[in-house]
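A.B. asks: Sending over a structure as structure tokens; questions will come in a sec.
Readers should treat all values here as calculations from the given coordinates under stated rules, not as data from a laboratory. Nothing here was measured: the structure is a model prediction, and the numbers come from that model. When we count neighbours, we look across all protein chains shown, and the Cβ atoms used for this are built from the backbone with ideal geometry, even at glycine.
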Amino acid sequence: MGLTLAQKIIQNHLVGGTMKAGEEIALRIDQTLTQDATGTMAYLEFEAMGIDRVRTEKSVAYIDHNTLQSGFENADDHRYIQSVAKKHGIYFSRPGNGICHQVHLERFGVPGKTLIGSDSHTPTGGGIGMLAFGAGGLDVAVAMGGGAYYITMPRMIRVNLTGKLNPFVTAKDVSLEILRILSVKGGVGSIIEWGGEGIQTLSVPERATITNMGTELGATTSIFPSDEITKAFLKAQGRVQDYQPLAADPDAVYDRVIDIDLSALKPLIACPHMPDNVVTVESLKGTKVDQVCIGSCTNSSLLDLLKVAALLKGKTVDPSVSVSVSPGSRQVLSMLADCGALSDILASGARLLECACGPCIGMGFSPNSGGVSLRTFNRNFEGRSGTRDAKVYLVSPETAVAAALTGEITDPRLLGEAPAVSLPEAFRIDDSAVLAPATPEEAASVEVLRGPNIKEFPKTKPLDDLVTAELTLKVGDNITTDHIMPAGSKILPYRSNIPYLSKFCFAVCDESFAERSKAAGNGFVVGGENYGQGSSREHAALVPLYLGVRAVIAKSFARIHAANLINAGILPLTFANAGDYDKLTQGDRLTLTDLKEGMKRGEILLKNETTGETITLACSFTDRQREILLAGGLLAYTKAAN
């Protein structure tokens, strides 16, 4: 029996465990990336491990999230990351050089290599044949120190593509179609492998759009084969030496196979407030639009923006619509300028934003109150845009342009003839904004610069055998990390200041949560299905840790968030009977008993002291995860091991 592509890469990097679905495996990691919203904490954690220099093949620190410097905080964090990167052997991508996933795809991604990043959209690297995972910052710090990355061996889902996309139907529509089929939790515990004759019609940027959006499925990662299309992209980037052909064996076996006929797809749109709330664009014809945002790590490639420029050329955006364009990298921006496409974009009335994440994380360009915003992004969670009552829709760049020109949701197929756009044979190469680290000999004299906003890692403590606490918050299904620890320009600057950040924890759900948690001392949180979906931000675990949350009890968890809770020393537990969710009420006094033995047998009893009822909770921790929880978290566990 042959192997899937993902299984081949896993086999080549396996340092612990067996490749049996559901079992924990340990992987050797070749590359890491961080971004500044999560990177400061990741590097504080790396420093706490006492390791002088990273032990990966390449680690890169990107500045792309907190680029709005309205105070000293972001600038101080950038200075800290630059200095710690220089000292410890990490390459530093300066502010303005671009979004981490776009730049990494262009300049550093290598087929067949493993990559983890402290950003949930790191699977973008799968578009070039990497096995790339989003992870919490502490997992990235451990990998930088030479430690293995642990995951549950995933199931394998194959998506076969046939046919060819029609004009104005795009890779973004493929992403929305698979979300329509599987939902935001349909990929949990699985790797999505894309194949079939249809992939030969998709360029690397288009493939990367699809693997980027695989994160919204809850998938462990997504991956395309490395083929002649991959080779052509790497050659154009001046990196043909990084190419190697990679594909699944013809007799590989998958747990599920999904067939999609590209030629049958129509332009699609995800409605508020979830990426899987997908309908056809034509079904929403005439809906008034206030804002259009083009960019993000999903749709900011040169290919995307050349199409945008061609569609806008000689036209003017509707006067009632505010339009922004954010190139994904300095390479993209400079090449748009060189060929005149940037002038076409600006002449239309669109506003040019920095090569950064920007509006995708609520860092500027928020919609008007109650406004309808069409975005080429990957998430449309409530409040994520920075405007709490905005209605955000996810679309392709072509659909975004159609709305910008008409002032309403419009099927892009009505725009006329689709522009003929192709990738160049050679990209403009200028890596001057990527700073190399100091040599090992020079590193000793490098000073790490810390601003006053940088506070220490929250204190943890070993797990007790009995925990009694108040149920301080009960929430429903599909709670995202944006609910738990919001993004936005007012909050992101405090990512390295957990005490201040704690004021905003769960504010989207309950503005009194932080204050009540502090008063309670210790607490439990109860959630529904797919708790913790979305971003990889470990702050969604570290801030609850700071506020005394000892356990989160849910119907099910998103993969990365469950790992982050364990890393923080917080118990992620599930209801053995989902109906028991209804037996708990916010404010109840709860007791977990016999935790150490219960963790071994996979069953823990929860007594509701308020009602007298006893509920059975399930857990399936590995020996390593139990040891991490008993130690009080991954940092304490790692320091003890060293």
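A.B. asks: Using only Cα atoms, figure out Rg for region 310-371 and give it as a multiple of 2.2 N^0.38 Å.
C.D. replies: Here the answer is 1.19, to two decimals.
A.B. asks: So, one more: By count of other Cβ within 10 Å, fewest leading, how are 414, 161 ordered?
C.D. replies: So the ranking, lowest neighbour count to highest, is 414, 161.
A.B. asks: Where does the charge balance sit around residue 523 when Lys and Arg score +1, Asp and Glu -1, over other residues with C-beta under 13 Å from its C-beta?
C.D. replies: Neighbour charge sum, excluding residue 523 itself: +1.
A.B. asks: How would region 488-642 be classified by its alpha-carbon gyration tensor: rounded, prolate or oblate, with rounded meaning a/c under 1.5 and the a/b versus b/c comparison settling the rest?
C.D. replies: Cα axes put region 488-642 in the oblate bin.
A.B. asks: Hey, what number do you get for the chain at 222 nm if only DSSP H runs of n ≥ 4 count, each worth -39500 (n - 2.57), divided across all residues, to the nearest 500?
C.D. replies: -8000 deg cm²/dmol
A.B. asks: Okay, next question. Mind giving me the nanometre distance, one decimal, between the label points for residue 253 and residue 19, set 7 Å out from Cα along Cα→Cβ?
C.D. replies: It works out to 1.3 nm between the two label points.
A.B. asks: Among 453, 403, 420, whose Cα projects farthest towards the positive end of the dipole of region 402-474, with charges put on the beta-carbon of Lys, Arg (+1) and Asp, Glu (-1)?
C.D. replies: Value: 453.
A.B. asks: Let me ask something else. Assigning unit charges at the beta carbon (Lys, Arg +1; Asp, Glu -1) and nothing else, what dipole magnitude in debye, to the nearest 20, does region 381-528 show about its Cα centre?
C.D. replies: With Lys and Arg at +1 and Asp and Glu at -1, about 660 debye.
A.B. asks: Stick to the Cα atoms of region 244-309, pair each with every other, and give me the Kirkwood hydrodynamic radius in Å at one decimal.
C.D. replies: So the Kirkwood estimate lands at 16.1 Å.
A.B. asks: Share of antiparallel DSSP beta bridges in the chain, in percent to the nearest 5?
C.D. replies: Percentage antiparallel, nearest 5: 35.
A.B. asks: Can you tell me, using C-alpha contacts under 8 Å and at least 6 residues apart, the relative contact order of region 255-334 as a whole percent?
C.D. replies: So the answer I get is 28 percent.
A.B. asks: Continuing with the same structure: In the P(r) worked out for region 115-159, what percent of Cα pairs fall beyond 17 Å?
C.D. replies: Result for the distance tail: 37 percent.
A.B. asks: Let me ask something else about it. Farthest toward the dipole's positive end in region 5-264, which of 88, 136, 225, given Cβ charges of +1 (Lys, Arg) and -1 (Asp, Glu) about the Cα centre?
C.D. replies: It is 88, whose Cα lies furthest towards the positive end.
A.B. asks: So for the chain, taking the charge dipole from beta-carbon charges (+1 Lys/Arg, -1 Asp/Glu), which of 327, 161, 489 sits furthest toward the positive end?
C.D. replies: 489
A.B. asks: For the chain, how big is Rg over Rh, using alpha carbon atoms and the Kirkwood form of Rh?
C.D. replies: 0.95
A.B. asks: Alpha carbon centre of region 412-445 versus region 1-70: separation in Å?
C.D. replies: 22
A.B. asks: What share of Cα pairs, in percent, lie more than 19 angstrom apart in region 166-253?
C.D. replies: Taking all Cα-Cα pairs of region 166-253, the fraction more than 19 Å apart is 44 percent.
A.B. asks: Contact order normalised by length for region 268-415, with contacts defined as Cα pairs under 8 Å and 6 or more residues apart; what percent is it?
C.D. replies: Value for region 268-415: 35 percent.
A.B. asks: If you add up the charges near residue 351, with Lys and Arg at +1 and Asp and Glu at -1, over every other residue whose beta carbon is less than 15 angstrom from its beta carbon, what do you get?
C.D. replies: Residues near residue 351 contribute -3 overall.
A.B. asks: To the nearest 20 debye, what charge dipole does region 5-264 have about its Cα centre, counting +1 at the Cβ of each Lys and Arg and -1 at the Cβ of each Asp and Glu?
C.D. replies: The dipole of region 5-264 has a size of about 440 debye.
A.B. asks: Quick one: if you stick a label point 7 Å off each Cα along the C-beta vector at residue 603 and residue 315, how many nm between them?
C.D. replies: Distance between label points: 6.3 nm.
A.B. asks: Something else: If we count every other residue with Cβ under 12 angstrom of residue 593's Cβ, Lys/Arg +1 and Asp/Glu -1, where does the sum land?
C.D. replies: Local charge sum for residue 593: -4.
A.B. asks: Order the peptides 403-410, 634-641 from the highest to the lowest mean number of other Cβ atoms within 10 Å of their residues.
C.D. replies: Ranked by mean Cβ neighbours within 10 Å, highest first: 403-410, 634-641.
A.B. asks: What is the packing order of peptides 121-128, 253-260, taking the mean over residues of other C-beta atoms within 10 Å and listing the highest first?
C.D. replies: The most tightly packed comes first, giving 121-128, 253-260.
A.B. asks: Please give the peptides 577-588, 505-516 ranked by average Cβ packing (other Cβ atoms within 10 Å per residue), highest first, as a rough proxy for protection.
C.D. replies: 505-516, 577-588
A.B. asks: While we're looking at this one, here's another question. Using Cβ counts within 10 Å as a stand-in for footprinting exposure, how do 168, 621, 504 rank, fewest first?
C.D. replies: Listed from fewest to most nearby Cβ atoms, that is 621, 504, 168.
A.B. asks: Calculate how many DSSP beta bridges within region 5-264 are antiparallel, expressed in % of all such bridges and rounded to the nearest 5.
C.D. replies: 20
A.B. asks: Here is the link list: 8/58; 164/391; 20/86; 266/391; 58/503. Which ones come out longer than 29 Å on Cα distance?
C.D. replies: Checking Cα-Cα distances, 164/391; 20/86; 58/503 exceed 29 Å.
A.B. asks: Here is a further query. Just to check I understand the Karplus step: with θ = phi - 60° and J = 6.51 cos²θ - 1.76 cosθ + 1.60, what whole-Hz values come out for region 212-226, glycine and proline as x?
C.D. replies: Calculated HN-Hα couplings, in order: 4, 6, x, 4, 5, 7, x, 5, 4, 6, 9, 8, 10, x, 9 Hz.
A.B. asks: Relative contact order for the chain: what is it in percent, counting Cα pairs under 8 Å that are at least 6 residues apart?
C.D. replies: About 14 percent, as a whole number.
A.B. asks: On to the next question. For the cross-link pairs 87/461; 285/490; 474/607; 490/555, which exceed 28 Å when the distance is taken from alpha carbon to alpha carbon?
C.D. replies: Distance filter (> 28 Å) returns 87/461; 285/490; 490/555.
A.B. asks: Using +1 on the beta carbon of Lys and Arg, -1 on that of Asp and Glu, and nothing else charged, what's the dipole of the chain about the Cα centre, debye to 20?
C.D. replies: Dipole size: approximately 480 debye.
A.B. asks: Something else about it: For region 268-415, what are Rg and Dmax over the alpha carbons, in angstrom?
C.D. replies: In order Rg, Dmax, the Cα atoms of region 268-415 give 13.8, 40 Å.
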